[in-house]
């Protein structure tokens, strides 16, 4: 169950309107859950959200492949 992160979610929602957001922190503190909750809110507001987990991406080739798969886009 996800709870107790309203302030952090609101902070991301405020900042994302003007640019990008990076969420940093130790393992297993709820970063992914917070971002997924934020993503749901933005999608409910009609926003297009392109979320990409870069945990296991170490080069541009893998990044581009993952973007194509996850976002259903075809690059060149």
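Report the extension gain between residue 71 and residue 45 in nm, rounded to one decimal, defined as 0.36 nm multiplied by the number of residues separating them, less their alpha carbon distance. Walk me through the intermediate numbers first.
Values: separation 26, 0.36 × 26 = 9.36 nm, distance 1.92 nm.
Gain on extension, residue 71 to residue 45, equals 7.4 nm.
Can you give the convex hull volume per residue for the Cα atoms of the chain, as a whole number of Å³? Working shown, then result.
Numbers: hull volume 9.8 nm³, N = 76.
Measuring per residue, one finds 129 Å³ for the Cα hull of the chain.
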Could you tell me the relative contact order of the chain? Use alpha-carbon pairs under 8 Å, at least six residues apart, and round to a whole percent. 20 percent
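Read the figures in this text as sums done on the coordinates, not as results from a lab. Everything numeric here is computed off the predicted structure, so don't read it as measured data.
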